[in-house]
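Remarks on the structure that follows.
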Amino acid sequence: RRRTARRVSMEEEDNPPTRETAGPMQMDSSCRGTSFIRVSAAQKEDEFAGSPIRKCLAAVIYRDAFEGSLAIVILANFVCICIDTDARATSPDDGLKTSAPQWVEHLTGTCFIFFVVEFGMRATVEQKVVFKNMWNCLDFFIIVTGSIEYILHWTGLEMSGSGIIRVMRLCRLLRLIRVMRLFSILKELRKLLLMMGSCFKTLFWSFLLLILAMTIWATIAVEIVNPMILDLSDNGEWSDCTRCRRSFSSVFDANITFFQTIVAGDSWGKIAIPVIEAYPGSAFIFAGAQLSLVFGVLNLIIAVIVDTFAEARAKDVIEQALEMETEEIEEKKVLSKIFERIDDDASGAVTFKELQEGARKVAEFAHWLRVLDVDEHDF
């Protein structure tokens, strides 16, 4: 809005309008779009159109309808994966495995063929630059893992229970991430995914920091708290808990206990309160671990993650440009409806008199003028 106001003011400095010379403002469909330079689908087609075949394929894959159909296929494949996973699960009663219905297998194969054809079309159009796009690399990885799974199935190798095959099947779920990118209405969900993607490195180091801090307290607890727990356990404490006696018997067990009671927040007082009541000095260990891990490490991790996402977002020029373009188009739609209400004679143009009267009659227009700091003297 400020950029638009500055452009208008610069033009008015060269040719200042007056009430006598100012003509009616024409309203056309071009005002509803964006005035910024943008790459259209046709320009993308020309960029990769080295031959008639590439030009035809580019005209297909860069259309919103094709992206929408791709999203529907991905969602259908996700449903098939869920049904197939339930069918492959081992029954706890008889230990038998069932197979998915035939229509699920056929639909899954059809979806996979669609993925292969879609990636082939995209690779044909983009050629050398195809792997410069992260989404294309993800699609290629999914296609390779899916192809290996089908090859093993066709060759008759019984590896259905293998962990590698299960991981390959789960890799197909990664395509759901692309659905979030295809639908612009899922803006908040896209931001969450972008935040997760930009913070993986931070989460990794944060996890190591948490493990290091817990291990320090676990070592102290094994040396000091473990003998107290053994004494209480011998006196009949925690008779209904088989793990409580060995909760601090080793550094590994102490780490599990601290993670369960402090990080996960599960039954902190079941072990800590009886020990503190019998040995008050142990409160410094339990309270120290609680304060340092929760109010220190965990809160610090959250602050660093938010700061990392803010830094990554500030550097993401492409996403900022898309959001600014969308915001401009939406604001122009709102303004177009306001000017249609101001245009009393429905002539398709707004005169100076209609503009003045609209500022007094149309509340939304008056609010816009107030936000832009435009008063009656500026008219």
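Name the helices (runs of 4 or more DSSP H) wholly inside the stretch 270-379 in which the number of residues that are of a type in the set (Lys, Arg) is 2 or more.
Numbers: elements: 283-290, 299-315, 317-342, 352-361, 363-371.
Correct list: 299-315, 317-342, 352-361.
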Practice task
Could you tell me whether any residue of the stretch 143-159 is part of a helix (DSSP H, G or I), aliphatic (A, V, I, L, M), open to solvent by less than 70 Å² (accessible area, probe 1.4 Å) and at pLDDT below 80?
Solution key: yes
Fill in the blank from the handout: For the stretch 194-213, pairs from a residue that is aromatic (Phe, Trp, Tyr) to a residue that is at pLDDT 85 or above and crowded, with 16+ Cβ neighbours inside 10 Å, with Cβ under 7 Å and 6 or more apart or across chains, are none
Practice task
Kindly list the number of the only condition in (1) surrounded by 13 or more Cβ atoms within 10 Å (Cβ to Cβ); (2) within 30 Å of residue 214 (Cβ to Cβ) that fails for residue 357.
Solution key: (2)
Practice task
Give the residues of the stretch 84-127 that are open to solvent by 90 Å² or more (accessible area, probe 1.4 Å) and modelled with pLDDT of 80 or more, sorted by residue number.
Solution key: 86, 102, 103, 106, 113, 127
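Quick one: would you say residue 251 is more than 15 Å from residue 271 (Cβ to Cβ) and free of Cβ contacts under 8 Å to residues at least 40 places away in the same chain?
Yes.
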Handout entry: Some residue of the stretch 229-250 being among the acidic types (Asp, Glu) and touching a helix residue (DSSP H, G or I) at 6+ places or on another chain (Cβ under 6 Å)
Key = yes
Problem - Selection count, the stretch 234-269, where residues are more than 20 Å from residue 298 (Cα to Cα) and assigned to a loop (DSSP other than H, G, I, E, B) - result: 13
Fill in the blank from the handout: Scanning the stretch 324-339 residue by residue, those open to solvent by 50 Å² or more (accessible area, probe 1.4 Å) and under 21 Å from residue 191 (Cα atoms) turn out to be 324, 326, 327, 330
Completion exercise
If you go through 374, 362, 350, the only one that is in contact with a Pro (Cβ under 8 Å, 6 or more places away or on another chain) and either among the acidic types (Asp, Glu) or at pLDDT below 85 (or both) is 350
Fill in the blank from the handout: Taking the stretch 128-143 and the residues there that are among the aliphatic types (A, V, I, L, M) and within 18 Å of the chain's Cα centre (by Cα), the one that is farthest from residue 114 (Cα to Cα) would be 134
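Here is a check on your reading of the model: is residue 356 more than 31 Å from the chain's Cα centre (by Cα) and under 26 Å from residue 204 (Cα atoms)? Even if it seems obvious, please write down each step before you answer.
Numbers: more than 31 Å from the chain's Cα centre (by Cα): yes; under 26 Å from residue 204 (Cα atoms): no.
Against the criterion (more than 31 Å from the chain's Cα centre (by Cα) and under 26 Å from residue 204 (Cα atoms)), residue 356 does not qualify.
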Completion exercise
The correct count of residues that are open to solvent by 50 Å² or more (accessible area, probe 1.4 Å), of a type in the set (Val, Ile, Thr) and closer than 14 Å to residue 214 by Cα in the stretch 273-323 is 0
Exercise for the section: For the stretch 242-272, enumerate the residues that are within 19 Å of residue 224 (Cβ to Cβ), open to solvent by 50 Å² or more (accessible area, probe 1.4 Å), of a type outside the set (A, V, I, L, M) and touching a Ser or Thr at 6+ places or on another chain (Cβ under 7 Å). Expected result: 245, 268
Problem - Test: residue 342 is open to solvent by less than 90 Å² (accessible area, probe 1.4 Å) and closer than 30 Å to residue 226 by Cβ - result: no
Exercise for the section: Within the stretch 318-327, identify whether any single residue is within 16 Å of residue 202 (Cα to Cα) and modelled with pLDDT under 85, and answer yes or no. Expected result: no
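The values are calculated or read from the model by the stated rules, or taken from the named source; none is laboratory data. Owing to the predicted nature of the structure, the values given are computational and were not obtained by experimental measurement. Note: ideal-geometry Cβ built from the backbone for every residue, glycine included; neighbour counts use all protein chains shown. Accessible surface is based on the protein model in full, side chains and every heavy atom, while ligands, DNA and RNA are left aside. Shrake-Rupley method; radii C 1.70, N 1.55, O 1.52, S 1.80 Å.
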